[in-house]
Amino acid sequence: MSRIAIIGYGKMGQTIHKMALAKGHEVPLTIDVNTDHSLDDLDQSIDVAIEFTRPDSAFSNLKACLEKGIPVVCGTTGWLDNLDEIHQLCHTTKGAFFYASNYSVGVNIFFALSDYLAGRMDAFAEYEVDLKEIHHTQKLDAPSGTAITLAQGILKALDRKEQWIGQANGNSSDLVIQSERIEDTPGTHMITYKSEIDAIEIKHTAFSRKGFASGALTAAEWLIGKQGIFSMRDLLGF
């Protein structure tokens, strides 16, 4: 069994903590503004860290882990402007870094399904594509990281779309991501291809945070002893 540090002790961090203990892991460190521990307490006794915090603190948290030689799994979204720096630091330190915008196995299957559908729809320009995401009101970033990952896959496949935007502006070459915040909604993502004749819709709905927490914990277990940069595609063998 492993010694896991949890950085960020909100609802997700607490769910991961319970799951880790139930699987026999130790959680000697929970680091948050409301706990007694800090990044200074990270040391080589920690086998892996799991980071779920805020967009404005993720970079410094990940940097601290990699500089201390601790493999780190990150589930925070909204900070990816600094992703290249973390990748470079991971190479420099010969560390291990795992990032996913969503750790749910179902969502990652949904990513693959969306990529496949977008590839088929490229030949049918009469279908307009729309993407919508719904999350709880505590989620700070919009669009969600999951929605952005979906949009990136669609943009690679559809030649008629050039970029994603968060608000419609009438430009047909833009892929619009609609974001909605509703109390106690773990996460819903919908993609619709619509023509004058019909519509095709695929949808993923999360019922709780357990799927995300379970995936992050599995990623942490898998990351121990590895070196490099990884994602859910590596873990799931896609």
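The values are calculated or read from the model by the stated rules, or taken from the named source; none is laboratory data. From a predicted model like this one, the values you see are computed outputs, not experimental measurements. Positions of Cβ are generated from backbone atoms using ideal geometry, with glycine treated the same way; all protein chains shown enter the neighbour counts.
Do you know which residues across the stretch 110-138 are out of contact with any Ser or Thr (no Cβ under 9 Å at 6 or more places or on another chain) and either within 20 Å of ARG54 (Cβ to Cβ) or without any contact (Cβ under 8 Å) to a residue 12 or more places away in the chain (or both)?
TYR116, ARG120, ALA123, GLN138
Residues that are in a helix (DSSP H, G or I), touching a Lys or Arg at 6+ places or on another chain (Cβ under 9 Å) and not polar (S, T, N, Q): does the stretch 86-107 have at least one?
Among the residues of the stretch 86-107, at least one is in a helix (DSSP H, G or I), touching a Lys or Arg at 6+ places or on another chain (Cβ under 9 Å) and not polar (S, T, N, Q), which makes the answer yes.
Search the stretch 89-104 for residues that are within 16 Å of TRP79 (Cα to Cα) and pair each with any residue that is among the aliphatic types (A, V, I, L, M) and assigned to a strand (DSSP E or B) when their beta-carbon atoms are under 7 Å apart and the residues are at least 6 apart or on different chains.
PHE97/VAL72; PHE97/ILE229; PHE98/VAL73
Please find, among LYS226, LYS161, the residue that is assigned by TED's automatic domain parsing to the domain that holds GLY75, more than 18 Å from the chain's Cα centre (by Cα) and either surrounded by fewer than 20 Cβ atoms within 10 Å (Cβ to Cβ) or farther than 23 Å from HIS87 by Cβ (or both). Break it down into steps so the answer makes sense when it comes.
Details: LYS161 fails: assigned by TED's automatic domain parsing to the domain that holds GLY75.
Testing whether each residue is assigned by TED's automatic domain parsing to the domain that holds GLY75, more than 18 Å from the chain's Cα centre (by Cα) and either surrounded by fewer than 20 Cβ atoms within 10 Å (Cβ to Cβ) or farther than 23 Å from HIS87 by Cβ (or both) leaves just LYS226.
Taking the stated definitions as given, is LEU89 modelled with pLDDT of 95 or more, of a type in the set (A, V, I, L, M) and in contact with a helix residue (DSSP H, G or I) (Cβ under 9 Å, 6 or more places away or on another chain)? Walk me through it before giving the result.
Working: modelled with pLDDT of 95 or more: yes; of a type in the set (A, V, I, L, M): yes; in contact with a helix residue (DSSP H, G or I) (Cβ under 9 Å, 6 or more places away or on another chain): yes.
So LEU89 passes the test.
Taking the criterion of being under 24 Å from VAL72 (Cα atoms), part of a helix (DSSP H, G or I) and touching a residue at least 60 places away in the same chain (Cβ under 8 Å), would at least one residue in the stretch 188-211 satisfy it? Before the answer, list the steps.
First, pick out the residues of the stretch 188-211 that are under 24 Å from VAL72 (Cα atoms): 208-211.
Adding the requirement that they be part of a helix (DSSP H, G or I) leaves 210-211.
Okay, now just the ones that are also touching a residue at least 60 places away in the same chain (Cβ under 8 Å), so 210-211.
Looking through the stretch 188-211, at least one residue is under 24 Å from VAL72 (Cα atoms), part of a helix (DSSP H, G or I) and touching a residue at least 60 places away in the same chain (Cβ under 8 Å).
When you go through (1) part of a loop (DSSP other than H, G, I, E, B); (2) aromatic (Phe, Trp, Tyr); (3) closer than 25 Å to THR218 by Cα one by one for PHE124, which number turns out not to apply?
Of everything listed in (1) part of a loop (DSSP other than H, G, I, E, B); (2) aromatic (Phe, Trp, Tyr); (3) closer than 25 Å to THR218 by Cα, PHE124 misses just condition (3).
Out of ALA64, ALA151, I need the residue that is within 14 Å of the chain's Cα centre (by Cα), small (Gly, Ala, Ser), in a helix (DSSP H, G or I) and surrounded by 18 or more Cβ atoms within 10 Å (Cβ to Cβ). Which one?
On the way: ALA64 fails: within 14 Å of the chain's Cα centre (by Cα).
ALA151 is the lone residue from the list that is within 14 Å of the chain's Cα centre (by Cα), small (Gly, Ala, Ser), in a helix (DSSP H, G or I) and surrounded by 18 or more Cβ atoms within 10 Å (Cβ to Cβ).
Can you pull out every residue in the stretch 164-177 that is out of contact with any helix residue (DSSP H, G or I) (no Cβ under 9 Å at 6 or more places or on another chain), closer than 25 Å to ALA206 by Cβ and of a type outside the set (Val, Ile, Thr)?
Passing the criteria: GLY166, GLN167.
Output the residue which, of all residues in the stretch 67-79 that are farther than 24 Å from GLY225 by Cβ and touching a residue at least 40 places away in the same chain (Cβ under 8 Å), is surrounded by the most Cβ atoms within 10 Å (Cβ to Cβ). Show your work before the answer.
Within the stretch 67-79, the subset farther than 24 Å from GLY225 by Cβ is 77-79.
Subsequent filtering for residues that are touching a residue at least 40 places away in the same chain (Cβ under 8 Å) retains 77-78.
On the way: THR77: 23, GLY78: 18.
Here the answer is THR77.
Just one of ALA118, ALA123 is aliphatic (A, V, I, L, M), in contact with a helix residue (DSSP H, G or I) (Cβ under 8 Å, 6 or more places away or on another chain) and at pLDDT 95 or above; which is it? Don't jump to the end; show me each part of the working.
Working: ALA123 fails: in contact with a helix residue (DSSP H, G or I) (Cβ under 8 Å, 6 or more places away or on another chain).
Residue meeting the stated conditions: ALA118.
So is VAL73 over 21 Å from GLU221 (Cβ atoms) and of a type in the set (Val, Ile, Thr) or not?
Numbers: over 21 Å from GLU221 (Cβ atoms): no; of a type in the set (Val, Ile, Thr): yes.
Judged against the criteria, VAL73 is not a match.
Quick one: ASP159 ticks every box in (1) in contact (Cβ under 8 Å) with a residue 40 or more places away in the chain; (2) out of contact with any helix residue (DSSP H, G or I) (no Cβ under 7 Å at 6 or more places or on another chain) bar one, so which box is it?
Against the list (1) in contact (Cβ under 8 Å) with a residue 40 or more places away in the chain; (2) out of contact with any helix residue (DSSP H, G or I) (no Cβ under 7 Å at 6 or more places or on another chain), ASP159 comes up short only on (1).
Could you please let me know if LEU235 is among the hydrophobic types (A, V, I, L, M, F, W, C), under 29 Å from ALA49 (Cα atoms), surrounded by 17 or more Cβ atoms within 10 Å (Cβ to Cβ) and out of contact with any Gly (no Cβ under 9 Å at 6 or more places or on another chain)?
no
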